[in-house]
Amino acid sequence: SGRKDYECERMMHFYVCDYTAKYASEMLYLMRKSDVMIKIKDYHVLSIGCGACPDLMALERYCHESSPTKTVSYMGIDVNDRWKSIHDKIDTYRTSTIKKTKFRYWDVITHDFIIPEANVIVMQYLISYFYNTNQISQINSFFQKLIETVISRKKKDSPMVILINDVNSIYRGRNYFIELVNMLELSNFHSTFGKYYFDYNIVNPAQKYGEKHDDCKTVFDLPSEFEDIYQPWHNCSSAQLLIEVQ
C-alpha cells in the first residue's frame, strides 16, 4: 500500500536520491510548455507539499535556459518537519537566480495562511498525497482556500501559473486536477489550461491525459556513483495540468 508519510530522516534521504531527478525533470518539461512562465518578470513561488524542492531545481534550470537574469524567491510548505535538514541545506544555497527561500511546516488543510504576490504555484504529488492519507474529500475546500488566500491576491494584470504534477492514475486523484479550473471559473478568474502526460510504459489508454510530451527521459541525473546505492528513476511518468491565470 506504500507508506503514507516519511517517518525517518534516513528513509527521506533515500527517497530524495531515488526520486528527485525524476520529479525535477517532470517539472522542467511542464515549465517549458507554458507561454506565460516566460513572460513573468521574477518568480515568486509557492510550493505546496514541497518536500525536497525538486521544483526549485527545475526552475533554476529553466531560468538558466530561458532568461538568466530572472530571480526566484521560493516559499515551500510541507506538513512534515522531517524535511527540515534538507531545507536547512537549501537555505544556504544562493546564486544570482535563487535569491530567497523560506519554509513552513503547515497542514494546508487546517492552517490559516494568506500569501500575497505569488505568481507560480506548484502542487507536486500533493493530490495523490491527499488521496493516500484519506483526505481527498477535503480537496475542493483546499482549492477554494487557495483561490481566496493566494490566487485572488495576485497582482492585477500580472499573470500566474499553476503547475500540477502527480501520479498518472484516476485511482490516485488525477480526476480532481480539473476541479481547480472549474472553481477558478466560478470565482470569475479567466484561465487557460493544458493537460500533459509522459508515455512511459503506458498500457491503459485512460493514461493518455491530454498532450504527450516528446520525451520521457529525465533531464537531471544523479552522479554515477549513486547508481550503485540507489535506484534513481531515469524516466518521467506523471500526469500534469498547467493552468495559466490572466
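Of note:
- Residue count for the range 213-246, restricted to those that are farther than 18 Å from Ala21 by Cα and in contact with a strand residue (DSSP E or B) (Cβ under 6 Å, 6 or more places away or on another chain): 5
- Applying a threshold of 6 Å to beta carbon distances and a minimum spacing of six or more residues, or different chains, the list of pairs starting in the range 115-133 at a residue that is open to solvent by 30 Å² or more (accessible area, probe 1.4 Å) and ending at one that is assigned to a strand (DSSP E or B) reads Glu117/His44; Tyr125/Asp166.
- The listed residues are Val45, Val72, and the only one of them that is of a type in the set (Val, Ile, Thr), open to solvent by less than 30 Å² (accessible area, probe 1.4 Å) and free of Cβ contacts under 8 Å to residues at least 40 places away in the same chain turns out to be Val72.
- Test: Asn201 is open to solvent by 70 Å² or more (accessible area, probe 1.4 Å) and farther than 30 Å from Lys154 by Cα: yes
- Restricted to the range 147-179, and to residues there that are modelled with pLDDT under 95 and outside any helix (DSSP H, G or I), the residue that is farthest from Asp112 (Cα to Cα) is Ser169.
- Matching option when the condition is surrounded by fewer than 21 Cβ atoms within 10 Å (Cβ to Cβ) and under 15 Å from the mean Cα position of the chain (by Cα), among Glu244, Glu185: Glu244
- Which listed residue is of a type in the set (S, T, N, Q) and modelled with pLDDT under 95, from Gln124, Gln135, Gln144: Gln135
- Filter result for Ile38 (exposed (fewer than 15 other Cβ atoms within 10 Å of the Cβ), more than 14 Å from the chain's Cα centre (by Cα), β-branched (Val, Ile, Thr) and not in a loop (DSSP other than H, G, I, E, B)): yes
- Count - residues of the range 180-198 that are in contact with a helix residue (DSSP H, G or I) (Cβ under 6 Å, 6 or more places away or on another chain) and over 22 Å from Asp42 (Cα atoms): 3
- Among residues of the range 153-172 that are over 22 Å from Arg32 (Cβ atoms) and open to solvent by 70 Å² or more (accessible area, probe 1.4 Å), those with a Cβ under 9 angstrom from a residue that is modelled with pLDDT of 95 or more and in a strand (DSSP E or B), sequence gap 6+ or separate chain, pair up as Arg172/Asp166.
The values are calculated or read from the model by the stated rules, or taken from the named source; none is laboratory data. What you are looking at is a predicted structure, and each value in this text was computed from that prediction instead of being measured. Here Cβ is always computed from backbone atoms with ideal geometry, including for glycine, and neighbour counts include all displayed protein chains. Please note that ligands, DNA and RNA were not included when accessible areas were found on the heavy atoms of the full protein model with its side chains. Shrake-Rupley method; radii C 1.70, N 1.55, O 1.52, S 1.80 Å.
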